[in-house]
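One structure is given here, and the rest of the page talks about it.
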Amino acid sequence: MTEALFAPTEPLASAISTQRILHVINGEHYSGAERVQDLLAQELPQFGFDVTFACVKPDRFPEARVSQSVQLYRTPMRSRFDWQCGRKLAELIRQEDFALVHAHTPRSLMAGAIAARLADVPLVYHVHSPTGRDSTRWLQNLVNERLERWLLRRATRLITVSPSLQELMVAHGFSPARVAYVANGVPGVEFISRVRPTGRWTLGMAALFRPRKGIEVLLESLALLRGKGHDVHLRAIGPFETTAYESEVMGLVEKLGIADQITWTGFVSDIHAELRKVDLFVLPSLFGEGLPMVVLEAMAAGLPVVASAVEGIPVAVREGVDGLLVEPGSAEALAAAVGEIIREDSYYDYGSLSEQARSQHGANFSARTMARNVAEVYRDILG
Ligand SMILES: CC(=O)N[C@H]1[C@@H](OP(=O)(O)OP(=O)(O)OC[C@H]2O[C@@H](n3ccc(=O)[nH]c3=O)[C@H](O)[C@@H]2O)O[C@H](CO)[C@@H](O)[C@@H]1O
Ligand SMILES: O=P([O-])([O-])O[C@@H]1[C@@H](O)[C@H](O)[C@@H](O)[C@H](O)[C@@H]1O
C-alpha cells in the first residue's frame, strides 16, 4: 500500500468522554477475526469504550467494515518482525491517550506488544484460533506460535473465543486467571419463517475458502448425495484465499462432475441476503477453528447447521437440537448427516431445528453480549 504511515482515514471523533482502546489488527481480509473487530467497534461504545483501529496489513478490511465512522490508521508492517511499527504505535498511544492496546493475531501482536510495553499501557490479546494449527503452512504456524508465546509473556489478559482455546492457552502455561473466555457473537436478524423445502434443498457454506475449511469434503458429499437421488444445490459464499487454491478446488469440481450443482458467489458484503437463499448451513472445517462467525450468523438466521465437531463448534451447535455434528474429514459422514435432515421421512422436524438455532443464538451468542463481556475484561484491568 502507498498510504503514509499513520494517516487517519476518518476524522477524530468530536467528543470523547469514554476510555479509548487501540485495536491493532491485520486487515488483509474481511473474515472471522475482522467481523469480531468490526462488531466490537460498533458495540463497545455503549459500554464506555471507544475503539480506534491500527491496521498492520491494510487491504480489504478498511473498505469492507461496517464500522466506517470508527477512526482507522493504516500502519503497515514491512514484515512480521517489523518492530519499528510498534515504536510508532507507542508514540500514537501517548499522543492520543489510549488506555489499553487490544491485539488480534500474531503479526498484530508483535506491533501491539511492543507498543503497549513502550507506552506502558495494558495489553489484551484475542485468541481467534489455535496458532500452531491455524493454516496448512507448517512453517508459518510454527513461527507464529513461537512468536505469540514469547510476546504474550507480558500480556495483561488473553481473551479466547472458545473454551477449547482457553484450555489450550492454559496448557501453554498461562495462568487461568489471565485467560478469559468470551464467546463470539453476531447481531440478530429480521425473522424469516423457515419452511422445509419440498423439492430441491439449497445447502450453504460461507467462508474465506482456504484448505482448513474442508470444502473438498463437502464437494465429495454433494456427489454422494446426488448419487443417492437427493436434489441438492450448494451456494458457496465467499472468496478464495489464493487463486492457486481456487484452481485446485475447481479441478475437483470438474473431476466430480458437479459444476451444475454449485453457485459460487465470491465475496459478498451482505451475508444475510445470501443466507436467506439457503435451507441448511454446512461447515466442514478440518481443524484450527475458534468459534466460527458463519455458524452463529446461520443460527441467527434460523438455519439448522451441519458442521464438524472441531474446537468451539459443539459449544454452539447442539447435536439433534439445532443441527448435527460430524467427524471432520469424512465425506461419507457429512453426506449421511445432511441426508438425515433432508430425506423425506426425516426424524428431525425442520421447523423445530430452525427455531432452536435462532433461540440458541439469541440466548448465548449475541454481538451485544460479546461486547459486554469484552468490556468487563477492560474494566477489570482499568478499574
Ligand atoms: C484464521 C482465523 O483467525 N480464523 C478464525 C477467524 O475466522 P474465519 O476467518 O475462519 O471465519 P469465520 O467463519 O469465523 O467468519 C467469516 C466471516 O466472514 C464473513 N464473510 C464471509 C464470506 C463473504 O463473502 N462475506 C463475508 O462477510 C462472514 O459473514 C463471517 O462473519 O475468526 C473466528 C472468530 O473469532 C474464529 O472462529 C476462526 O478460527
Ligand atoms: O501474516 P500473518 O499475521 O502471519 O498471518 C495471518 C494469520 O495470522 C491469520 O490468522 C490469518 O487469518 C491470516 O490469513 C494470515 O495468514
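The values are calculated or read from the model by the stated rules, or taken from the named source; none is laboratory data. Please read these numbers as outputs of a predicted model, since none were measured by experiment. Using ideal geometry, Cβ is built from the backbone for each residue, glycine included, and neighbour counts are taken over all protein chains shown.
Identify all residues within the range 119-143 that are under 28 Å from ASP380 (Cα atoms), within 11 Å of ligand 2 (Cβ to nearest atom) and part of a helix (DSSP H, G or I); write none if there are none.
THR131, the sole residue that qualifies.
With respect to LEU109, determine if the residue is more than 14 Å from ligand 2 (Cβ to nearest atom) and touching a Phe, Trp or Tyr at 6+ places or on another chain (Cβ under 9 Å).
Working: more than 14 Å from ligand 2 (Cβ to nearest atom): no; touching a Phe, Trp or Tyr at 6+ places or on another chain (Cβ under 9 Å): yes.
It is false that LEU109 is more than 14 Å from ligand 2 (Cβ to nearest atom) and touching a Phe, Trp or Tyr at 6+ places or on another chain (Cβ under 9 Å).
Among the numbered conditions (1) at pLDDT 95 or above; (2) part of a loop (DSSP other than H, G, I, E, B); (3) not acidic (Asp, Glu), tell me where ILE16 comes up short.
(1)
Given the criteria farther than 24 Å from PHE191 by Cβ and touching a Leu at 6+ places or on another chain (Cβ under 9 Å), does GLU376 qualify?
On the way: farther than 24 Å from PHE191 by Cβ: yes; touching a Leu at 6+ places or on another chain (Cβ under 9 Å): no.
In short, no.
Return the total of residues in the range 241-267 being over 21 Å from ARG212 (Cβ atoms) and within 14 Å of ligand 1 (Cβ to nearest atom).
Selection size over the range 241-267: 1.
Restrict the check to the range 329-349 and report whether at least one residue is within 16 Å of ligand 1 (Cβ to nearest atom) and not hydroxyl-bearing (Ser, Thr, Tyr). I'd like the intermediate steps shown before the answer.
The first filter runs over the range 329-349 and keeps only residues within 16 Å of ligand 1 (Cβ to nearest atom), leaving none.
No - not one qualifying residue is present in the range 329-349.
Being within 11 Å of ligand 2 (Cβ to nearest atom), in the same structural domain as ARG94 (by TED's automatic domain parsing) and of a type in the set (Val, Ile, Thr), is that true of even one residue in the range 29-44?
No, every residue in the range 29-44 fails to be within 11 Å of ligand 2 (Cβ to nearest atom), in the same structural domain as ARG94 (by TED's automatic domain parsing) and of a type in the set (Val, Ile, Thr).
From the set of residues in the range 191-215 that are within 16 Å of ligand 1 (Cβ to nearest atom) and part of a loop (DSSP other than H, G, I, E, B), which is surrounded by the fewest Cβ atoms within 10 Å (Cβ to Cβ)?
This residue is LEU208.
Quick check on my filter: what residues within the range 149-164 are part of a helix (DSSP H, G or I), more than 12 Å from ligand 1 (Cβ to nearest atom) and either crowded, with 18+ Cβ neighbours inside 10 Å or in contact (Cβ under 8 Å) with a residue 12 or more places away in the chain (or both)? Quick ask: steps written out before the conclusion?
Going residue by residue through the range 149-164, those that are part of a helix (DSSP H, G or I) are 149-154, 163-164.
Checking which are more than 12 Å from ligand 1 (Cβ to nearest atom) leaves us with 149-154, 163.
Of everything in the range 149-164, those that are part of a helix (DSSP H, G or I), more than 12 Å from ligand 1 (Cβ to nearest atom) and either crowded, with 18+ Cβ neighbours inside 10 Å or in contact (Cβ under 8 Å) with a residue 12 or more places away in the chain (or both) turn out to be ARG149, LEU151, LEU152, ARG154, PRO163.
Residue by residue through the range 268-286, note down the ones that are within 10 Å of ligand 1 (Cβ to nearest atom) and touching a residue at least 40 places away in the same chain (Cβ under 8 Å).
Keep residues of the range 268-286 that are within 10 Å of ligand 1 (Cβ to nearest atom), which gives 268-272, 274-275, 283, 285.
Result: SER269, ILE271, HIS272, GLU274, LEU275, LEU283, SER285.
May I ask you to say which residue of ARG226, ARG235, ARG276 is of a type in the set (Lys, Arg), in the same structural domain as ALA333 (by TED's automatic domain parsing), touching a Ser or Thr at 6+ places or on another chain (Cβ under 9 Å) and surrounded by fewer than 22 Cβ atoms within 10 Å (Cβ to Cβ)? Full working, then the answer.
Values: ARG226 fails: touching a Ser or Thr at 6+ places or on another chain (Cβ under 9 Å); ARG276 fails: touching a Ser or Thr at 6+ places or on another chain (Cβ under 9 Å).
After ruling out the rest, the residue left standing is ARG235.
Which of the residues that make up the range 282-291 are out of contact with any strand residue (DSSP E or B) (no Cβ under 6 Å at 6 or more places or on another chain) and either among the aliphatic types (A, V, I, L, M) or under 7 Å from ILE313 (Cβ atoms) (or both)?
If the condition is that a residue be out of contact with any strand residue (DSSP E or B) (no Cβ under 6 Å at 6 or more places or on another chain) and either among the aliphatic types (A, V, I, L, M) or under 7 Å from ILE313 (Cβ atoms) (or both), then LEU286, GLU289, LEU291 are the ones that fit.
Here is a list: TRP264, TRP201. Which entry is touching a strand residue (DSSP E or B) at 6+ places or on another chain (Cβ under 8 Å) and either in the same structural domain as PRO130 (by TED's automatic domain parsing) or closer than 23 Å to ALA333 by Cβ (or both)?
Details: TRP264 fails: either in the same structural domain as PRO130 (by TED's automatic domain parsing) or closer than 23 Å to ALA333 by Cβ (or both).
Result of the check over TRP264, TRP201: TRP201.
Among (1) closer than 23 Å to ALA331 by Cα; (2) in the same structural domain as VAL101 (by TED's automatic domain parsing); (3) more than 16 Å from ligand 2 (Cβ to nearest atom), which single condition is PHE174 missing?
(1)
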